[in-house]
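Heads up, the thing below is written out as structure tokens.
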Amino acid sequence: MHSDPVDLSTSPLEGAIPGCRACRLSRRGFLVSALGAVALPALAVGATSHVGGTWSTEVPRDALTPADVLNAVLEGNRRFLAGQRQERDVFAQQRAAAAEGQPPKVVFLTCLDSRALMETVCDLGVGESLNVQIAGNVVNEDILGSMESATVSAGAKLVMVVGHTCCGVIRAAIDQVRLGRLTSLMAKIGKAIAATPYPGEKTSRNPAYVDAVASTHVRLTMDAIRAESPILRELEKQGRMAMAGSMYDLGTGRVSLVRERPELA
Ligand SMILES: [Zn+2]
């Protein structure tokens, strides 16, 4: 990992991705986006999610601010909680996205858990989100590269790190379980365990402690993204993209934002 300064006026991805007629992402358009308009690639112009989408049915993605996107994600979760998910013709959305391109607004980094599917719990339609799922919602170079693609290339305006309650990976990390390749992955959660002050029982049998570690891990993952991806750090700094941390409660279905500096609360 490195932390060299990044100049977004240059094209760090030039030549990396060929043109694609099917999704209307031309190589030229891609390069224009990488060269000058990081958050506004040619792909996005005029692209909206039709056929039962959510906020994007009325407002093109490029007219949205990162704060708009965050509010829309949380509003989608409120619809989910209220049992008012929008009716969608998913097949029609798929065909529209194939013909018109995708305008994803948010990229989620979530744990590998079948119950924490952000499209579902935030009531998102086809083409509205990109999703990275990995045990323990950790990052590595490949995932950071994917996030850079999601923002610089595809135009997502929000990076949301999502931890969840009752996380088995967090519990296993607390228990220092060793299991093949998972051992090195869980080692990345060690910093969160060490950085979680907790007055009660600090074991994997205490759900409140497990959730506290998961919340700390979300904050540290956001720090790692900023430290290890100069591109994402610069996009956030320029206000072209926002980052948010959150916890998904498996029991209630609620997505709650994680305060980045709880000691200041
Ligand atoms: Zn998990």
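Values quoted throughout were computed directly from the atomic coordinates according to the rules given, and no laboratory measurement underlies them. What you see is a predicted model; the values in this text were computed from it and never measured. Every residue, glycine among them, receives a Cβ derived from its backbone with ideal geometry; neighbour counts consider all protein chains shown.
Just so you know, in region 119-141 the residues that are within 16 Å of LYS157 (Cα to Cα) and within 16 Å of the ligand (Cβ to nearest atom) include one that is surrounded by the fewest Cβ atoms within 10 Å (Cβ to Cβ), and it is ASN131.
For region 139-159, does any single residue satisfy the condition of being of a type outside the set (Val, Ile, Thr), in a loop (DSSP other than H, G, I, E, B) and touching a Gly at 6+ places or on another chain (Cβ under 8 Å)? Spell out how you get there, then give the answer.
Going through region 139-159, the residues of a type outside the set (Val, Ile, Thr) turn out to be 140-142, 144-150, 153-158.
If we keep only those that are in a loop (DSSP other than H, G, I, E, B) too, we end up with 140, 154-157.
Pick out the ones that are also touching a Gly at 6+ places or on another chain (Cβ under 8 Å) and you get none.
There is no residue in region 139-159 that is of a type outside the set (Val, Ile, Thr), in a loop (DSSP other than H, G, I, E, B) and touching a Gly at 6+ places or on another chain (Cβ under 8 Å).
Any residue at all in region 167-175 that's among the hydrophobic types (A, V, I, L, M, F, W, C) and within 24 Å of VAL106 (Cα to Cα)? Yes, region 167-175 has at least one match. Say whether the condition of being out of contact with any Gly (no Cβ under 6 Å at 6 or more places or on another chain), in contact (Cβ under 8 Å) with a residue 60 or more places away in the chain and away from the ligand (no atom under 13 Å from the Cβ) is met by at least one residue in region 161-184. Looking through region 161-184, none of the residues is out of contact with any Gly (no Cβ under 6 Å at 6 or more places or on another chain), in contact (Cβ under 8 Å) with a residue 60 or more places away in the chain and away from the ligand (no atom under 13 Å from the Cβ).
Annotation: LEU112 fulfils all but one of (1) within 16 Å of the ligand (Cβ to nearest atom); (2) in a helix (DSSP H, G or I); the unmet one is (2). Checking each residue in region 185-215 for being within 15 Å of the ligand (Cβ to nearest atom), β-branched (Val, Ile, Thr) and closer than 20 Å to VAL139 by Cβ picks out ILE189, ILE193, VAL213. Restricting the search to region 92-109, which residues are surrounded by 15 or more Cβ atoms within 10 Å (Cβ to Cβ) and more than 14 Å from the ligand (Cβ to nearest atom)? Matches in region 92-109: GLN93, ALA96, ALA97, GLU100, GLY101, GLN102, PRO103, PRO104, LYS105, VAL106, VAL107.
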